[in-house]
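The values are calculated or read from the model by the stated rules, or taken from the named source; none is laboratory data. Quick caveat, the model's predicted, so the values are computed rather than measured. Quick reminder, even Gly has a Cβ in these numbers, built from the backbone with ideal geometry, and neighbours come from all protein chains shown. Note: accessible area is taken over every heavy atom of the protein model, side chains too, but ligands, DNA and RNA are not part of it. Shrake-Rupley method; radii C 1.70, N 1.55, O 1.52, S 1.80 Å.
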Amino acid sequence: MFYNIRYHANYHRPINPKNTMKLRKRIFEIIEVAEESDKLSNLYDVAMMITIVASIIPLAFKSTNTVFSVIDRISVVIFIFDYLLRLITADYKIKKGIGSFFLYPIMPMSIIDLLAILPSLILVNNGLRLLKVFRLLRTLRVLRVFKAVRYSKSVQLILGVFKKTKESLLVVCGIAVMYVLISALVVFNVEPDTFGNYFEAIYWATVSLTTMGYGDIYPVTIAGRIVTMISSFMGIAIVALPAGIITSNMMDEINTQKENSESKN
C-alpha cells in the first residue's frame with residue numbers, strides 16, 4: 001500500500017517547465033529553422049509543401065466532388081495545426097517575451113495563414129473561395145525545401161540592388177501611375193461613349209501602357225486612336241526604365257564584389 005501511495009504521488013507530479021521549454025524549442029526548430037542536417041525539419045517542410053499544392057488543386061476546377069471536399073478538410077486541419085504550433089513558439093521567433101504571442105497574429109505571414117484557412121471554416125461563395133489562393137504564399141515558408149540558402153549570396157545581391165535603386169524605382173512607378181491617370185482622363189473625355197466609367201478608362205490606359213493590348217476595350221475615333229498610339233510609345237519607354245536602372249546597378253554591384261574578392265586574394 002505504501003508503494004501505491006508513492007506511485008500515486010509521483011503520477012501527479014507537476015510538469016517540469018524546463019522540459020516544456022525544450023519541447024517548444026524543438027518544435028520551433030522543426031517548423032522554422034532551416035538546417036540540412038535536421039531530417040525531421042526537412043520532412044515537415046516537404047509534408048507542408050505537398051499539403052499546400054494539394055489544397056490548391058480543387059481551385060483549378062469549377063465543380064466540386066467528394067475527393068476535393070476531403071482534400072480541403074484534411075489540408076485545413078493541417079494548416080490550423082501548423083498555425084497553432086507557430087503561435088505557441090512565437091516567442092522564439094519574435095523574441096519579445098509574452099508580447100510575442102500577441103504580436104504574432106498581426107504579422108503579415110500570420111494574416112496570410114488565417115486568410116488561407118478562413119474560406120474552409122465558413123460557407124464559401126465564389127468571392128471568398130478566391131482567398132484560398134493565399135495558400136500559395138505559404139510556400140514562402142518552406143522554400144528551404146529547395147535549399148535556397150545555397151543561393152543566399154545571389155539573393156543578397158538582388159536585395160542590395162533593389163535597396164540602392166529604391167528611390168529611382170519609386171520615381172518611375174510614380175511617373176507610370178500619373179501617366180495612367182492622365183491618359184485615362186484624356187481618353188475618357190475624348191470618347192465618353194466607348195468608356196462607361198473612369199475605371200474602364202484606367203483599365204485601358206494600364207493595358208496600353210504595358211503594351212499588352214487585350215482589345216476588349218479600345219477607342220474608335222481618330223482622336224482616341226492617336227491617344228492610344230502615344231500611350232503605347234510612352235509605355236515602351238516607361239517599362240524600359242526600371243529594367244535599365246536595375247541592370248546597370250546589378251552590373252556595378254557584381255563588379256564591386258569582384259574587385260573586393262580580388263583585393264582580398
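Values for this structure:
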quantity	calculated
Residue that is farthest from residue 243 (Cα to Cα), among those in segment 206-217 that are out of contact with any Asp or Glu (no Cβ under 9 Å at 6 or more places or on another chain) and open to solvent by less than 70 Å² (accessible area, probe 1.4 Å)	215
Top-ranked residue of segment 79-99 - restricted to ones that are basic (Lys, Arg) and surrounded by 13 or more Cβ atoms within 10 Å (Cβ to Cβ), ranked as nearest to residue 109 (Cα to Cα)	86
Filter result (free of Cβ contacts under 8 Å to residues at least 40 places away in the same chain and not in a loop (DSSP other than H, G, I, E, B)) within segment 207-229	207, 208, 209, 222, 223, 224, 225, 226, 229
Subset of segment 229-253 (residues that are open to solvent by less than 50 Å² (accessible area, probe 1.4 Å) and within 18 Å of residue 162 (Cβ to Cβ))	242, 244, 245, 246, 249, 250, 253
Residues of segment 180-205 that turn out to be of a type outside the set (A, V, I, L, M, F, W, C), surrounded by 18 or more Cβ atoms within 10 Å (Cβ to Cβ) and under 21 Å from residue 239 (Cα atoms), as a count	1
Helices (runs of 4 or more DSSP H) lying entirely in segment 92-200 (those with 1 or more residues that are within 30 Å of residue 80 (Cβ to Cβ), in contact with a helix residue (DSSP H, G or I) (Cβ under 6 Å, 6 or more places away or on another chain) and modelled with pLDDT of 80 or more)	99-103, 108-121
Odd one out for residue 49, checked against (1) modelled with pLDDT under 85; (2) over 27 Å from residue 26 (Cβ atoms)	(2)
